[in-house]
Amino acid sequence: MTSTMVRSKTEKRLEFLSTHAILLCIALVFIFPVFYTLMTSLKSKGDVLTSPPTILPREWSLEAYDTVINGSNMVRVYLPNSFINSFFSSLLIMPLAGLAAYTFSRYKFRGSRLLEIFILGLMMIPGLTNLIPLYRMASDWDLLNTNQIMIMVYTAGGLPFSIWIVRAFFDSIPRELEEAALIDGCSPFGALWRVIVPLAAPGLLAAFLLNFVDTWNEFLAAVVLAVQDKTATVGLYDFQSSFEIAYNVWAAASIVIVIPVLVVFLALRNTFFNAMLEGALKG
């Protein structure tokens, strides 16, 4: 009996250590590129070109960040463009995805299931196939190199995935809560706004955060539709010359681009993780 208990404790301890060792190795694989980029951004121009290369700077320098912040349009133009496009498109997605998801969750009509499958199928279409018609439409509407076209493209692109995320939260909310609100005198919209939306808020915020991160990193549509009014990811090309690449400046620009989305993620991380956990348990 005692040996069995000791063996059981030993097995649990080994399982605990092996699991965390594997997770640590996976974390290091993802963290190392970011760490190396950060260290590269703190090197001087001459230090970057040394052979063999070193991970830590031999001489710590902020000249790359000075070039990015004071010697380019990254902070003054490109980051604001990225924030406007990502924030407002993600903000628009919340009510649109919420209303669509609520409709699919609560109402069944002829063709509703087919429409759901069609929306899911939109996620399978490569974004590259839409660039030519999008460019033609933006040109005809005189919207090239504007934030408006980027917001519309990002909103349309993020809706199908967001609808399926938010619908899982609406499905998990008992219909009896709405019925009770209707009995108490609420209109259908009032019941939705006062009862259902607060309960589904974690799912809506999760959709907001996922779309914000995705559109912040988006490059293909931005380089075609906003080549003059650049976003941060497209603006990285400003640091490439015809003769050489200042790797420390590129690394510094990459770190600067990461900071805003990292701040947003850290501010909403608790809501995001709770939403993902609730969605997994209820789904």
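Tabulated data for the structure shown
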| read-out | value |
| --- | --- |
| Lysine pairs in the chain with Cα atoms under 29 Å, if 8 or more residues apart or on separate chains | 4 |
| Spatial extent of the stretch 1-120: Rg and Dmax, with the Cα atoms as the point set, Å | 26.6, 72 |
| Sparsely packed chymotrypsin sites (Phe, Trp or Tyr not before Pro) within the stretch 124-205, loop by DSSP, other Cβ within 10 Å at most 16 | W141 |
| Phi to ³J(HN,Hα) by Karplus 6.51 cos²θ - 1.76 cosθ + 1.60 over the stretch 158-168, Hz, x for Gly, Pro | x, 5, x, 5, 5, 4, 5, 5, 5, 4, 4 |
| Structure-based [θ]222 nm, the chain - -39500 (n - 2.57) summed over DSSP H runs of at least 4, per residue, nearest 500 | -24000 deg cm²/dmol |
| Table column - 3J(HN,Hα) (Hz), the stretch 111-127, Karplus curve with 6.51, -1.76, 1.60, x for Gly and Pro | x, 5, 5, 5, 5, 4, 5, 5, 5, 5, x, 4, 5, 7, 7, x, x |
| Calculated SAXS-style log₁₀ I(q)/I(0) at q = 0.17 Å⁻¹ - the stretch 2-41, Debye, Cα scatterers | -0.57 |
| DSSP-assigned coil residues among chymotrypsin sites (Phe, Trp or Tyr not before Pro) in the stretch 37-114, each with at most 11 further Cβ atoms within 10 Å | W60, Y107, F109 |
| Per DSSP, loop GluC sites (Glu not before Pro) in the stretch 58-127 with at most 14 further Cβ within 10 Å | E59 |
| Furthest towards positive pole of dipole, G98, N270, I22, structure part the chain, Cβ charges | I22 |
| Of [x] 18.6, 62; [y] 24.3, 80; [z] 17.2, 52, the label for Rg and Dmax of the Cα atoms in Å derived from the coordinates | [y] |
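Each reported figure results from applying straightforward, stated rules to the coordinates on display, with no laboratory input. Predicted, not measured: the structure shown is a model, and the values here were computed from it. Positions of Cβ are generated from backbone atoms using ideal geometry, with glycine treated the same way; all protein chains shown enter the neighbour counts.
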